[in-house]
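Report on one structure; see the data block that follows.
The values are calculated or read from the model by the stated rules, or taken from the named source; none is laboratory data. Note that the coordinates shown come from a computational prediction; the quantities given were computed from them, not determined experimentally. No Cβ is skipped: glycine too gets one built from the backbone with ideal geometry, and neighbour counts run over all protein chains shown. Accessible surface areas use protein heavy atoms only, side chains included; no ligands, DNA or RNA. Shrake-Rupley method; radii C 1.70, N 1.55, O 1.52, S 1.80 Å.
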Amino acid sequence: MTTARSAVHSLLWNFAGAAQAVILQLGYTALTARLVEPATFGAYAIAAAALGILAYFANGGVSVCLLRARRLTRPLTRLALRTTAVTGCCCFVAAQLAAPAVGLLWDMEGLVSLVRLLSTQFLVTPMSLAATAALRRCGHAARVVRLELLGQASGFGLSLTLLVAGWSPYALAVATPLAAAVVLAGSLRLLAAQPLPDGPRPPLAELLGPSTFFTGFSLVQYGCNTAPLWLVGALFGPAATGYYSRASLFTQLPVAMLAQGINRAAAPALTESRGSKGEYDTLCGASAIGLIGFGAIAGVGPALLGVLLGPGWESAGRLVPLLAVGAAFSLLAWVGDSINQVRQAPGAMVGSQLAAVLAIACSLFAAFRQESLSVLLAAAVAGPLAAHAVQLVCWGGPLAIHVLRAHAAHAAVGGAVFGVCHAGLVQGPYLGLMAALPLVAGVALLRDRLPAYAVARRRGLIRLGRGTIGSHAVVRSSDRP
C-alpha cells in the first residue's frame, strides 16, 4: 500500500471511529438520562471537568511526540510507556488529595467520591493513549479504532448494568477507567508483536520538549471551554449544571468529530503546499459546515435533545440554540488554530487564545454580577468568536476578506435554516414546509453564489452535467482569494 493510500485509509478509519464513538456516547447519554437525576449528572460533570485539567499533565504531550516521531523505535516506545505510567500515578495521587478541595468549591452530594473514583482512569488512560499513538504511527489505525470502540462499549455496558442495579451515582465513574483499561490491554498485546527497530535510548527532553507548547495551549483552551460549566455549578447548583452539561455535550460532540476530521484531512495538504488558496478552501468548508449545520442544530436541537434525554430534561433543550451558535464559532476557531500550526505561527495562536480568555472572563464576570444564566451562556459564543476575529486580523489581506464573505453567505443560509426548523417545530409543520420550499428553491438557484459550492466544484467534488450552461463551468476569480 502506497503512503498516500495508507494515509487515506487511516483517515477514513479514524473518521469512522469518531462517528461511531459519537453515536455510542449519545446512546449512553440517552439511557443514563433515564436512570440518573440531573443533579447527579451535574456533580459528575464537575468531577470530570476538574480531572480534565490533570489529564493534560498525565499524558504530557507524549502521544503527540510519538505521532510526529521521524522514526519510531522500541526504546522510544518503552520510554513513552514508562513516562506516562509515572505521570499517571502522580496525577492519581494528586486527585485523591485534591478531592476534598473540589468538594468545598462546589457543594454537591457525592462529588468527592466521584472525583476519587473517576481519578482511577489516570492509572491506565495515559499509558493507553501512548500505546495507541504508537500503533497509529505504525499504520494500525483500524485496529486502534476497533479497540477503542470495544473499550467504550465495555465501559458503557458495565456502567449501565451497575446503574440498573442501583449503584447511582458512582456507576457513572466506572465507564472511563474500564474503557481505558480494555484499550491498554489490547494495545500492549499488539505492540509486543510489532517489529519495532532497536536504537539508542532517547533522552526524556526529546520526548516531551516538542509538545510542551501545544500541551500548554490545549490546557488554556480546555480552561476556556469548561469555565462556564464551573460557574454554572457555583451559581445555580447541581441540577442546572446537569442541564448545561448535557446540552453542551450534545453540541460539542459534533464539533470535536468535525474539527478532528477536517484537521486530519487538510493538515497534510496544507503542509505540503502552503498558500492562501488551500487555507481558504479549508476555512470555507469549515464555515459551511459550522454556520449552516449548527443553524440546523439550533433549530431542531431542543426537540432532538428532549427525545434523547426523555421527560424532565426540558430545561436542557432550551440551552441548545445559543450553545449551537458557540459550537459553530468553536469549529472555525479550531480550524484556524490548525492553519496557524501549519504556518508555524505560535504568536497568532497565543493572541487568539488571549482574546478568547478576555472575552470569556468578561462574560463570566457579568454573569456573576447579574446571576444570569443567559449572560453566562453568552461566554460560549464570545470566546470562540473573539478568537476567530483575532485569527482573521492576523491573516489580513485577501484571505481575511474572502473568508468574511464566505462567513456572511453561510451565516445567512444557516439563519434561514434555523428559522425554517424553528417554524416547523413551534408554529407547526405546515408553516415550516411553506418556509422551507422557497429556501430550498433559493439555495438551488443561487448555489453558484454559495462559496462552499464553488470550492467543492473547483475541487472536483461536484461534477457538472452535460446540460450545464458553459459559463458555470468556469471558476470565477471571486470564488477564491
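The number of residues in the stretch 305-326 being more than 22 Å from Asn225 (Cβ to Cβ) and part of a helix (DSSP H, G or I) comes to 3. The one condition from (1) crowded, with 24+ Cβ neighbours inside 10 Å; (2) within 19 Å of Gly42 (Cβ to Cβ); (3) of a type outside the set (A, V, I, L, M) that Gln121 does not meet is (2).
Here Pro210 meets the list (1) at pLDDT below 75; (2) open to solvent by less than 60 Å² (accessible area, probe 1.4 Å) almost entirely, failing just condition (2). Within the stretch 226-253, track down each residue that is surrounded by fewer than 21 Cβ atoms within 10 Å (Cβ to Cβ) and farther than 22 Å from Leu104 by Cα. Once the filter is applied, which keeps residues that are surrounded by fewer than 21 Cβ atoms within 10 Å (Cβ to Cβ) and farther than 22 Å from Leu104 by Cα, the stretch 226-253 yields Leu249, Gln252, Leu253. Report whether or not Ala286 is closer than 30 Å to Val390 by Cβ and either at pLDDT below 90 or assigned to a helix (DSSP H, G or I) (or both). Answer is yes for this residue. Annotation note: Cβ proximity below 6 Å between a residue of the stretch 235-254 that is over 23 Å from Gly27 (Cβ atoms) and a residue that is part of a helix (DSSP H, G or I) (sequence gap 6+ or interchain) occurs for Pro238/Ala39; Pro238/Gly42; Pro238/Ala43; Ala239/Pro38; Ala239/Ala39; Ala240/Val232.
In this structure, is Cys91 touching a Phe, Trp or Tyr at 6+ places or on another chain (Cβ under 7 Å) and either more than 22 Å from Ser245 (Cβ to Cβ) or surrounded by 15 or more Cβ atoms within 10 Å (Cβ to Cβ) (or both)? Full working, then the answer.
Working: touching a Phe, Trp or Tyr at 6+ places or on another chain (Cβ under 7 Å): yes; either more than 22 Å from Ser245 (Cβ to Cβ) or surrounded by 15 or more Cβ atoms within 10 Å (Cβ to Cβ) (or both): yes.
Against the criterion (touching a Phe, Trp or Tyr at 6+ places or on another chain (Cβ under 7 Å) and either more than 22 Å from Ser245 (Cβ to Cβ) or surrounded by 15 or more Cβ atoms within 10 Å (Cβ to Cβ) (or both)), Cys91 qualifies.
Yes/no matrix, rows are residues, columns are (1) at pLDDT below 90; (2) touching a strand residue (DSSP E or B) at 6+ places or on another chain (Cβ under 9 Å); (3) open to solvent by 20 Å² or more (accessible area, probe 1.4 Å):
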| position | (1), (2), (3) |
| --- | --- |
| Val144 | yes, no, no |
| Phe156 | no, no, yes |
| Ser159 | no, no, no |
| Ala165 | no, no, yes |
| Leu172 | no, no, no |
| Ala175 | no, no, no |
| Ala181 | no, no, yes |
| Arg189 | no, no, yes |
| Gln194 | yes, no, yes |
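Total residues in the stretch 43-60 satisfying the condition of being touching a residue at least 40 places away in the same chain (Cβ under 8 Å) and open to solvent by 20 Å² or more (accessible area, probe 1.4 Å): the figure is 9.
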